[in-house]
Amino acid sequence: MKLFFREHIFLIAVQIVQFFVVLAIYWLDGYRYLLPAFYAIFLGLFFLVSYLVYHYLSRRKFYKRLTNELSSLDDSFQTTESSPISQALDYLLKGQYKHYQTRIKVLESKQDEHLKFMDQWVHQMKTPLSVIELTAQNLDEPDSSNIREETDRMKTGLNTILYMARLRTIEQDFHIKPVNLSRIIKEVNSENKRFYIRNQVYPNVLQQNKEMIVETDEKWLFFIVSQLINNAVKYSKGMSNRVNITIFEKEGEAVLEVKDFGVGIPETDKRRVFDPFYTGENGRKFRESTGMGLYLAKEAADHLDHRLELESKLGQGSAFQVIFGKTQNLTGM
């Protein structure tokens, strides 16, 4: 209705001015008996209002479509009325829809090429890194340890790049199945064994039940837990020599918690720690921070329909919980 009046406000104003001009002409011409003039104006207003009412009722669907936002691109194929302007609008929207579909297909094709390139490049880089590690084993200390430390950092960076590229098509990368949380923890700890030793921070695994099973994607859960442990160790170094990894049930939900006793997170940074590329106050102190680890972990958890929650006190440490939800399949409990 508002759009209709905005479109016809000028017509209404012109008609009102025209009526006053007619009255003025009658008056200036010396005609003082204005009742016929008022009757003519009344008829003019009647026909104007009748025209506006008919025009609005016959075009109501058209104005409604112009006012309401499209809920999806497919709504562009809706038809309104048989009037020329309505048909022109339908034709324009259909043409725009086809144009955007063409552009989207081109962009998706380029994105797929980019993802394939990133995937191949990361795997190609892992081969020379493995050769460097094997070569480093024949060197004397501390050169051997220093080289392997740097290769581990490069591997972590390459994996982050790989998962960041896969995040765009994460729905197609899922393989949901029953996963034993205890086994995932063992695999993550085994993968990060040298990382623990190098930083002199060691995992302390606590389990209510060693056979706690959840429905999740094993590969992405491995990545999430690895990121949480990596952060816990990094921000505990020099303050504590342990990180607690706990598996338990809370209110019918399976929970995996990674808790450190390090620097903690300032209150001002808590609400932004999951933002991409945000490093915060701690990130500026620890130069290795990229600001992408927690972001990727949170995005993956959301797509898996898990919750990633944070509790932290400055100077006392942080606890990240992966909550798998009540719909998960828990056995052996």
Practice task
Name the long-range amide H neighbours of Met212: under 5 Å, sequence gap of 5 or more, or other chain; modelled H, no Pro or chain starts.
Solution key: Leu181, Ser182
Exercise for the section: Classify the stretch 138-227 as rounded, prolate or oblate from the Cα gyration tensor: take a ≥ b ≥ c as the square roots of its eigenvalues, call it rounded if a/c is under 1.5, otherwise prolate when a/b beats b/c and oblate if not. Expected result: oblate
Problem - Difference of contour (0.36 nm per residue) and Cα-Cα distance, Glu211 to Arg307 - result: 32.5 nm
Problem - For the stretch 259-265, Karplus couplings with θ = phi - 60° (6.51, -1.76, 1.60), whole Hz, Gly/Pro x - result: 10, 10, 10, x, 6, x, 10
Practice task
Work out how much length Leu167 to Phe277 would gain on full extension: take 0.36 nm times their residue separation and subtract the Cα-Cα distance, in nm to one decimal.
Solution key: 38.1 nm
Fill in the blank from the handout: Volume per residue (Å³) of the convex hull spanned by the alpha carbons of the stretch 87-135 is 35
Problem - Under Karplus coefficients 6.51, -1.76 and 1.60, residue-wise ³J(HN,Hα) of the stretch 198-215 in Hz, glycine/proline x - result: 4, 8, 6, 10, 10, x, 10, 8, 10, 9, 6, 8, 6, 10, 7, 10, 10, 8
Fill in the blank from the handout: Residues meeting the amide H criterion for Arg242 (H placed from the backbone, H to H distance under 5 Å, 5 or more places apart or on another chain) are Tyr202
Exercise for the section: Measure up Lys237/Lys259; Lys193/Lys237; Lys116/Lys177; Lys234/Lys270; Lys155/Lys234; Lys193/Lys313 against 19 Å on the Cα-Cα distance and list the ones that go over. Expected result: Lys116/Lys177; Lys193/Lys313
Fill in the blank from the handout: The relative contact order of the stretch 122-246, taking Cα pairs under 8 Å that sit 6 or more residues apart, comes to a percentage of 25
Practice task
Quick one: go through the stretch 218-249 and flag any residue whose amide nitrogen is under 16 Å from the point 7 Å out along the Cα-to-Cβ line of Tyr202.
Solution key: 233, 237-245
Exercise for the section: With a Förster radius of 22 Å, plug the Cβ-Cβ distance of His8 and Leu35 into 1/(1 + (r/R0)^6) and report the FRET value to the nearest 0.05. Expected result: 0.15
Exercise for the section: Please find the FRET efficiency linking Asn159 to Lys64, where r is the Cβ-Cβ separation and R0 is fixed at 41 Å, and quote it to the nearest 0.05. Expected result: 0.20
Practice task
Before anything else, pin down the relative contact order of the stretch 202-315: Cα pairs under 8 Å, at least 6 apart, normalised by residue count, whole percent.
Solution key: 26
Completion exercise
Checked the stretch 176-261 with the C-alpha gyration tensor, a ≥ b ≥ c its square-rooted eigenvalues, rounded below a/c of 1.5, otherwise prolate if a/b is larger than b/c and oblate if not; verdict prolate
Completion exercise
In order over the stretch 186-192: 3J(HN,Hα) from phi, Karplus 6.51/-1.76/1.60, θ = phi - 60°, whole Hz, x for each Gly or Pro, gives 4, 5, 5, 5, 5, 5, 9
Problem - Distant-in-sequence amide H partners of Gly262 (H built 1.01 Å from N, under 5 Å) - result: Gly317, Ser318
Exercise for the section: Could you sort 98-105, 293-300 so that the peptide with the highest average Cβ count within 10 Å comes first and the rest follow in order? Expected result: 293-300, 98-105
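Here, each number is a calculation from the coordinates, and none is a lab measurement. Computed from a predicted structure; not experimentally measured. With ideal geometry, Cβ positions are generated from the backbone for all residues, glycine too; neighbour counts draw on all protein chains shown.
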